[in-house]
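Remarks on the structure that follows.
The values are calculated or read from the model by the stated rules, or taken from the named source; none is laboratory data. This structure is a prediction, so every number in the text was calculated from the model and none was measured. Quick reminder, even Gly has a Cβ in these numbers, built from the backbone with ideal geometry, and neighbours come from all protein chains shown.
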Amino acid sequence: MNEALLRRLTPSVLAVLVRRGADFAAAEDAVQDALVEAVRVWPADPPRDAKGWLVTVAWRRFLDATRADTARRRREDHVDEEPAPGPVPGADDTLQLYFLCAHPSLTASSAVALTLRAVGGLTTRQIAQAYLVPEATMAQRISRAKRTVSGIRFDRPGDIATVLRVLYLVFNEGYSGDVDLAAEAIRLTRQLAAQVDHPEVAGLLALMLLHHARRTARTAPDGSLVPLAEQDRGRWDTGSIAEGVTILQAALARDRLGEFQAQAAIAALHADARTAEETDWVQIVEWYDELARLTDSPVVRLNRAVAVGEADGPRAGLAALAPLDDALPRHTAVAAYLHERDGDLTTAARLYTEAARKAPNLAERDHLTRQAARLNVRRSR
Amino acid sequence: MAKYLLLKHYRGAPTPANFVPMGQWTPQEISDHVQYMNDFAARLEQTGEFVDAQALAPEGTFVQYAGEGRPPVTDGPFAETKDLIAGWMVIDVDSYERAVELAGELSAAPGAGGKPIHEWLELRPFLAAPPTITE
């Protein structure tokens, strides 16, 4: 049973049903039913044309459900009983599905859930596990999202930026359960990049590949975080880095810079350094300057202060940090690091302790607590 | 997408505006209160924001390791313990503002006289999974 194949086919099968005039929400349910049926039937009786099989079964399920529905409501049947004439179109227009599932009328969590189900072909249970909520809650979140977008016309292009934000969230947040969300985000972004020619789509794909390349080096066997400077760079996935860099270079050559390309450029400069000491921090600062121009995000300016600290020394880093709001997440952790580099271990230890108290996740809290402990032990000797 | 704990206290939170011990409510007022809590949870499931709701018995036991080969020591309950948790609800929402809004709604549960208790609920964020992209 090839689950990867099923998942890959999901959005195009759904697109066929919607193009034939099926309501999006009902079509999506029918496709899920067909996927379940495929898992049951295919091992013993594999189809010659997997996509055609799925379209046929999903369409039949859709008609059955619509008939049952209309019978119950005693309404007229608006749906053609027979599929539209002609062969199933070969060209994928799953692009519209991406737009629909990331529609700005949806909240971030709804858009993420709907994208993973309708485009990614994941089951509600898998998505619920990935976000640690009950299956019933996730089912409601998804059906609500479908209702929200049900009136939206399927043939209008949307804003690619909203799609990219959703894919970025899938990559960046969530728990590693049964489903590997980071790998899933890469798959969906790769599929999107094959559909639409846009430098920011390429930029996001490159960014994901470059970060994914460091994945095994990022955590120690005990689950604790390993900071970039201390990672064993021999464990970075060179294939993934090479692919990311190639995609990024092609995107940058088109001279339509966006925030994901700039972020990927920073990741590429880190990937390029064989040791932490070889990192080209001066260029990284320049990219942060670009990024700050593109987004005006305080988080970018915070990360820029770290880079300035490496390029021009900790005093310069602290000067770059000074104008920023100290309520920013990780502000205290950055201040602690720069003070340590500056040799003020007392202040650094105090700030690491404070940063640990404010940390938004357990791994970071433990890491920052260890930093404080390391300095406190050194000082008491 | 962030999880929050809405914590209800038997003791330890500031006294609410409409504070009358539950034993002095009418049976109908108690039913209305319970109904409100159930409806609230059901509504959150409908919006896809519900994770968990539990209530705790007011009295518990303190347990402590007593050394190798010895059974654990138990003690309490301690009357002087300042903070006493009554129960909780866990929600999964898109923003801190939404979490505050929901906590406010839950705090409006009716009490004596059918009026909102204005109970103080403690809102605590969960420590999430670390993000993939940090720099």
Hey, B:Glu101 of a type in the set (D, E, K, R), within 20 Å of A:Ser109 (Cβ to Cβ), without any contact (Cβ under 8 Å) to a residue 40 or more places away in the chain and within 14 Å of chain A (Cβ to nearest Cβ) or not: yes
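Name the helices (runs of 4 or more DSSP H) wholly inside the stretch A:188-253 in which the number of residues that are in contact (Cβ under 8 Å) with a residue 60 or more places away in the chain is 2 or more.
Numbers: elements: A:199-212, A:215-218, A:238-252.
Hits in the stretch A:188-253: A:199-212.
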Looking at the stretch B:1-27, which of the residues that are out of contact with any strand residue (DSSP E or B) (no Cβ under 7 Å at 6 or more places or on another chain) and of a type in the set (Gly, Ala, Ser) is surrounded by the fewest Cβ atoms within 10 Å (Cβ to Cβ)? B:Gly23
Take B:Leu106 and decide whether it is at pLDDT 90 or above and not in a strand (DSSP E or B). yes
Restricting the stretch B:1-30 to residues that are within 14 Å of chain A (Cβ to nearest Cβ) and at pLDDT 90 or above, the residue that is farthest from B:Met89 (Cα to Cα): B:Ala2
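Among the listed residues A:Arg48, A:Arg8, A:Arg20, which satisfies the condition of being assigned by TED's automatic domain parsing to the domain that holds A:Arg67 and buried (at least 17 other Cβ atoms within 10 Å of the Cβ)? Before the answer, list the steps.
Working: A:Arg48 fails: buried (at least 17 other Cβ atoms within 10 Å of the Cβ); A:Arg8 fails: buried (at least 17 other Cβ atoms within 10 Å of the Cβ).
Being assigned by TED's automatic domain parsing to the domain that holds A:Arg67 and buried (at least 17 other Cβ atoms within 10 Å of the Cβ) holds for just one of A:Arg48, A:Arg8, A:Arg20, which is A:Arg20.
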Examine the stretch B:84-96 for a residue that is within 14 Å of chain A (Cβ to nearest Cβ), without any contact (Cβ under 8 Å) to a residue 60 or more places away in the chain and surrounded by fewer than 16 Cβ atoms within 10 Å (Cβ to Cβ), and state whether such a residue exists. no
Just name the residue that is surrounded by the most Cβ atoms within 10 Å (Cβ to Cβ) out of those in the stretch A:274-285 that are touching a residue at least 24 places away in the same chain (Cβ under 8 Å) and away from chain B (no Cβ under 12 Å). A:Val285
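Quick check on the stretch A:356-369. Is at least one of its residues β-branched (Val, Ile, Thr) and more than 14 Å from chain B (Cβ to nearest Cβ)? If you could, list the steps in order and put the result at the bottom.
Here is the first cut: in the stretch A:356-369, the residues β-branched (Val, Ile, Thr) are A:369.
Subsequent filtering for residues that are more than 14 Å from chain B (Cβ to nearest Cβ) retains none.
No, that holds for no residue.
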Answer yes if at least one residue in the stretch A:158-169 is modelled with pLDDT of 90 or more and within 11 Å of chain B (Cβ to nearest Cβ), and no otherwise. yes
Select from the stretch B:41-59 the residues that are in contact with a Leu (Cβ under 7 Å, 6 or more places away or on another chain) and more than 14 Å from chain A (Cβ to nearest Cβ) and list them in ascending order. B:Pro58
Considering only strands (runs of 3 or more DSSP E) wholly within the stretch B:1-69, the ones with at least 3 residues that are within 15 Å of the chain's Cα centre (by Cα) are B:2-11, B:50-55
Please state which one of A:Pro298, A:Pro227 is exposed (fewer than 14 other Cβ atoms within 10 Å of the Cβ) and either modelled with pLDDT under 95 or among the acidic types (Asp, Glu) (or both). A:Pro227
Do we have any residue at all in the stretch A:290-303 that's within 11 Å of chain B (Cβ to nearest Cβ), out of contact with any strand residue (DSSP E or B) (no Cβ under 7 Å at 6 or more places or on another chain) and closer than 22 Å to A:Asp344 by Cβ? yes
